[in-house]
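Peer 1: Sending over a structure as structure tokens; questions will come in a sec.
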């Protein structure tokens, strides 16, 4: 029998201990995830099933109404503007795809910011009232990486950053997603990460059902801006967000607007159907012109009407309108409370819920959480804090 040297044996033992520690960390994360997942349906009461008591901006299991896109080069400045605006985004996404300077410096900037956040230099300092406090919970941070499939040089460096960040971020948005994307990035994904699939190319849309069927992705995001370019739509032409002119009455939609909206609308519906078929949350792309409030209002109305659950935003000034647009209506609240009461009676009788009831409860819980968030934001005046200086 071959005898290994003491140094080689020690190295082998070290590798084994490393693998064992990784497995124990994964098992701990899995148990915590399952605890959080079933908290919403674990308690009975006269008023129904107990909801999570965490704010949306601190609950990684809640679908965000808004995701603020922040260039990775100027994180601190962007979050200062958000704080001064008086409304906190449900999640913040650091964007590595639109770097004007060094991409390496942008990655370092994300790491430095999150390390400072971990040490207690909170994004939400000096916030109260309608703002989301992060005293007990870290903020929800994500990164948008370059495509490892179509821009491998930058994409894999971005994924290495995601691996290093680990639990400091909630998840990763993968652009130009295809059926092969997950196999390229799975080694870089932390067990706690939620994956976001960005459908912004014709191939992504065509493969939407296969991608969603894989079960690797928690969120789908419609990428209309790049998709319009890849579809060779007229530059500066009409997109489906411009279908309504002046108000939200579909009778005022012009034939030209309807015709121009069809390619993107058809693509959006394909992705929506695929996401819904496999129980994924879905959000809409950002509205480019932050100064066009009327256009943004029309875009929000259409996103909500189509069934999107949230939206990417590029400017903190868009957050209040975005949250208002995705607030539940009176009819939706009435339905959600009815589902809550039915589920409470089922659990009181120790009856198991079927797949249909479970899906209804997930939808109802989302609506009730958003209604509570709206009440919390309206219960106290928002504080506009100029802390952080002027850019």
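Peer 1: Among the listed residues 327, 274, identify the single one that is in contact with a helix residue (DSSP H, G or I) (Cβ under 6 Å, 6 or more places away or on another chain), outside any helix (DSSP H, G or I), farther than 22 Å from residue 95 by Cβ and in contact (Cβ under 8 Å) with a residue 12 or more places away in the chain.
Peer 2: Result of the check over 327, 274: 327.
Peer 1: Here's a check for you: in segment 301-318, which residue that is within 23 Å of residue 83 (Cβ to Cβ) and either without any contact (Cβ under 8 Å) to a residue 12 or more places away in the chain or touching a helix residue (DSSP H, G or I) at 6+ places or on another chain (Cβ under 7 Å) (or both) is surrounded by the most Cβ atoms within 10 Å (Cβ to Cβ)?
Peer 2: Once the filter is applied, the top-ranked residue is 311.
Peer 1: Now a separate question. Counting just the residues of segment 69-80 that are touching a helix residue (DSSP H, G or I) at 6+ places or on another chain (Cβ under 8 Å) and at pLDDT 90 or above, which one comes out surrounded by the fewest Cβ atoms within 10 Å (Cβ to Cβ)?
Peer 2: That would be 71.
Peer 1: Shifting gears a bit: Condition test on residue 333, is it part of a helix (DSSP H, G or I), crowded, with 16+ Cβ neighbours inside 10 Å, touching a strand residue (DSSP E or B) at 6+ places or on another chain (Cβ under 8 Å) and free of Cβ contacts under 8 Å to residues at least 60 places away in the same chain?
Peer 2: Taking the combined requirement at face value, the residue does not satisfy it.
Peer 1: Could you check, for segment 17-24, whether at least one of its residues is out of contact with any strand residue (DSSP E or B) (no Cβ under 6 Å at 6 or more places or on another chain), farther than 18 Å from residue 326 by Cβ and either at pLDDT 85 or above or surrounded by 14 or more Cβ atoms within 10 Å (Cβ to Cβ) (or both)?
Peer 2: No, every residue in segment 17-24 fails to be out of contact with any strand residue (DSSP E or B) (no Cβ under 6 Å at 6 or more places or on another chain), farther than 18 Å from residue 326 by Cβ and either at pLDDT 85 or above or surrounded by 14 or more Cβ atoms within 10 Å (Cβ to Cβ) (or both).
Peer 1: Quick one: which residue in 176, 220 is at pLDDT 95 or above and on the phi > 0 side of the Ramachandran plot?
Peer 2: Values: 220 fails: on the phi > 0 side of the Ramachandran plot.
When all the criteria are applied, what remains is 176.
Peer 1: So if I check each of 83, 7, 100, which one is over 25 Å from residue 222 (Cα atoms), surrounded by fewer than 11 Cβ atoms within 10 Å (Cβ to Cβ) and at pLDDT below 90?
Peer 2: 7
Peer 1: Now for a different question. Conditions: (1) out of contact with any helix residue (DSSP H, G or I) (no Cβ under 7 Å at 6 or more places or on another chain); (2) at pLDDT below 95. Residue 207 meets all but one. Number of the miss?
Peer 2: (2) is the only condition that residue 207 fails.
Peer 1: Exactly one of (1) at pLDDT below 90; (2) closer than 27 Å to residue 230 by Cα is unmet by residue 282. Its number?
Peer 2: Against the list (1) at pLDDT below 90; (2) closer than 27 Å to residue 230 by Cα, residue 282 comes up short only on (1).
Peer 1: Could I ask something else about it? Go through (1) in a helix (DSSP H, G or I); (2) under 22 Å from residue 64 (Cβ atoms) for residue 164 and report which single condition fails.
Peer 2: (2)
Peer 1: Related question: Hey, can you tell me all the residues within segment 284-300 that are buried (at least 18 other Cβ atoms within 10 Å of the Cβ) and in a loop (DSSP other than H, G, I, E, B)?
Peer 2: Result: 285, 286, 287.
Peer 1: Follow-up. Please count how many residues of segment 199-231 are within 20 Å of the chain's Cα centre (by Cα) and either free of Cβ contacts under 8 Å to residues at least 40 places away in the same chain or part of a helix (DSSP H, G or I) (or both).
Peer 2: Residues flagged as within 20 Å of the chain's Cα centre (by Cα) and either free of Cβ contacts under 8 Å to residues at least 40 places away in the same chain or part of a helix (DSSP H, G or I) (or both) within segment 199-231 amount to 14.
The values are calculated or read from the model by the stated rules, or taken from the named source; none is laboratory data. Owing to the predicted nature of the structure, the values given are computational and were not obtained by experimental measurement. A quick note on method: Cβ atoms are made from the backbone with ideal geometry, for glycine too, and the neighbour counts reach across all protein chains shown.
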